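Notes for the one structure printed next.
The values are calculated or read from the model by the stated rules, or taken from the named source; none is laboratory data. These figures come from a predicted structure and were not determined experimentally. Using ideal geometry, Cβ is built from the backbone for each residue, glycine included, and neighbour counts are taken over all protein chains shown. Each accessible area value is taken on the protein alone, full model and side chains, heavy atoms only, with ligands, DNA and RNA left out. Shrake-Rupley method; radii C 1.70, N 1.55, O 1.52, S 1.80 Å.
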Amino acid sequence: MTLRSVIVGTGMSVPDRVVTNRDLEARMDTSDEWIQQRSGIRERRHIAEGETPSGLAEVAARRALEAAGCGVEDLDGIVLATLSPEADFPGTSFFLHERLGADTIPCFDLRAQCSGFLYSLSVADGMIRSGQMRRLLVLGCEVHSTGLDMSTEGRDVAVLFGDGAGAVVVEGAEGGADDAGILAVRIHAEGRHARRLWIEAPGSGHYPVRVTPEILAEGRHWPHMEGRYVFKHAVTRMPEVLGETLDTAGIKADDVDLFLFHQANLRINEAVIQALGIPHVKCPSNIQRYGNCSAASIPMLLDEAQRGGHLEPGNIVAMTAFGSGFTWGSVVVRW
Ligand code: UT7
């Protein structure tokens, strides 16, 4: 018997406002056909005035807590992954902390972009297994819509991203090899590719101020992505790290019941699925409805799988992501 980290509740939240590809056609030179063909996306959600990242995170968190059968007073800590913080500092998690009324438990934002939720699970797993904490709330939360260039200039990125939040409650439990819990975690990064997918400004790398009228005029405050370059790395790294994590867990790919891949592009996931020879039925996707929600995509998929009745106790779930940094990782769980 060893101490392991068990996911005991899931939740998600998206804004009500649906933005279809046709809606985007009205704002920039793009087409429903191009977007669907290149990415698989049909629509995404954008917040309306008055909605905030911590508001989305709160709904997802309360759903996860309810599913776990515990209250905020039962938590020892909160880790929230995001690349779109509510304020540059302190981030998003502190506003969530306030909304939840979380007394004085620690919380922090974790920045590993689209791999952020898996990095956060890795941190939570370490906290639990080292005995520092018993129960944590782990979230991915993004509001991309307020940071996208909605002109034709920004179309390559703007059509891809959506807003959403996903949450899980992770709890320590003594168990053997056949009991529920995180079986293996592998995370990686390669900083030399950082500028291939990033937002340059505002940033403290700019002197003497973090953003200038020139930077704004040049559009360097919008996300910049070298799409094909990112695509090539994603289709290589995702199968690689998934294989590495399954090996660490001592699980064969055939024994995995559900593969949850980051939802950046349906074509990326098709390529990964084909390379690994995995049946499509084991690979749910929600990018068609929500676009790329970065750190929130995987916990949203997990919540949909759980509430949709696609997960049973004992199932093996393999979650894999790739994103800006570059970062990538995989977590294998027995449900
Ligand atoms: O979550 C983080 C990780 N992110 C990713 O993994 C994303 C990885 N990359 C991708 O998913 C794909 O590269 C994209 C979906 C971003 C782009 O697809 P692509 O097949 O690589 O297209 P492209 O960038 O090579 O662009 C092809 C053409 C270009 O026109 P020309 O130069 O061929 O005349 C673009 O200007 O499509 C044009 N284009 C668009 N047209 C209509 C770019 N964006 C759009 C658009 N609507 N939104």
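The number of residues in region 47-88 being part of a helix (DSSP H, G or I) and among the acidic types (Asp, Glu) comes to 4. Scanning region 244-276 for residues that are open to solvent by 60 Å² or more (accessible area, probe 1.4 Å) and closer than 23 Å to His233 by Cα yields Asp247, Thr248, Arg267, Glu270, Gln274, Ala275, Leu276. From the list Ser39, Ser84, Ser31, the one residue that fits, being touching a strand residue (DSSP E or B) at 6+ places or on another chain (Cβ under 7 Å) and either open to solvent by less than 20 Å² (accessible area, probe 1.4 Å) or outside the structural domain of Met300 (by TED's automatic domain parsing) (or both), is Ser84. Out of Gly154, Gly166, Gly91, Gly131, one residue alone is open to solvent by less than 20 Å² (accessible area, probe 1.4 Å) and assigned to a loop (DSSP other than H, G, I, E, B). It is Gly91. Between Ile105, Ile187, the distinction of being in contact with a strand residue (DSSP E or B) (Cβ under 8 Å, 6 or more places away or on another chain), open to solvent by 60 Å² or more (accessible area, probe 1.4 Å) and not in a helix (DSSP H, G or I) belongs to Ile187 only.
Exactly one residue out of Arg17, Arg38 is within 16 Å of the ligand (Cβ to nearest atom) and farther than 20 Å from Ala295 by Cβ: that is Arg38. Within region 135-151, one or more residues are closer than 26 Å to Ala318 by Cα, more than 17 Å from the chain's Cα centre (by Cα) and open to solvent by 30 Å² or more (accessible area, probe 1.4 Å). Residues in region 197-230 that are surrounded by fewer than 17 Cβ atoms within 10 Å (Cβ to Cβ) and among the basic types (Lys, Arg) were compared, and the one that is farthest from Met150 (Cα to Cα) is Arg210. Checked against (1) open to solvent by 50 Å² or more (accessible area, probe 1.4 Å); (2) assigned to a strand (DSSP E or B); (3) small (Gly, Ala, Ser), Gly11 passes all but a single condition, namely (1).
Looking at this structure, is Glu214 acidic (Asp, Glu), within 20 Å of Ala112 (Cβ to Cβ) and either part of a loop (DSSP other than H, G, I, E, B) or outside the structural domain of Ser120 (by TED's automatic domain parsing) (or both)? Against the criterion (acidic (Asp, Glu), within 20 Å of Ala112 (Cβ to Cβ) and either part of a loop (DSSP other than H, G, I, E, B) or outside the structural domain of Ser120 (by TED's automatic domain parsing) (or both)), Glu214 does not qualify.
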